């Protein structure tokens, strides 16, 4: 039987060296973490850990390097659900830009849910909005995400009038298109862009109580929304003859969610010209006069983002 005094590997000097090594380890890890946060060589924006605003950003938006790596690893294990509508006829891509967005937008119903902004609720800090997009035919996994990118100081000072870019990705995080909303004072506008090319725009028209939006594809208007205001949360896209093209509903998520959180949920109903095909056959569809093209649907998604910022981000507006 060995004793501690007789074992050379467990001498007093050994324990001193072990204690010193353990004491230095947290410092070296912290130093390495600061280095990673300041590097940003992969194109992502990281903040200096010595910056006050950087500390706030990491604390309230979850922008830590370790979280991003874990998220990317989890995302790589996911698979993109297939389109729930047939990519033929009016939904057949006529350009490389439409082919890019088809995996996300060739669907009859999209459920868009905004994340809860805890820092906004607790401390009043305006955060970058993040949304998950789910096809109701494949509710097991998101088919896409929307993530805002904006300046931290502009968010706190300008609130709902802040300029921002929102990136729309598929379920694997690959960018499909983006929406750009400039600073506004009286009425807002939001632009849809694919591969850096502007394809459409949504202009809000001023009215004392009604919520009116004009939707354009290029220079040609293809739809208008005329919501009566007040507690009406249904925004119907209609053509020049008053025929229904699509619909955006803001869902009531329960008293607790609506009063104590800022997490909105929206359903974009595109309807379907082939509702008897594939998984969409089991879902009740909106009756539309014609299906929107893929480019028009991208503009409709931009409208949903604009509606959320114009009317339903109540915790951070003035």
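Where a number appears in this text, it was derived from the coordinates with a stated rule and is not lab data. Note that this is a predicted model, so its numbers are computed, not measured. Note that we place each Cβ from the backbone using ideal geometry, even for glycine, and neighbour counts take in every protein chain shown.
Quote the FRET efficiency, to the nearest 0.05, computed for residue 287 versus residue 207 with a Förster distance R0 of 35 Å and r equal to the Cβ-Cβ distance.
Numbers: r = 27 Å, r/R0 = 0.78.
It comes to 0.80.
The fewest-to-most ranking of 157, 292 by surrounding Cβ atoms within 10 Å reads 157, 292.
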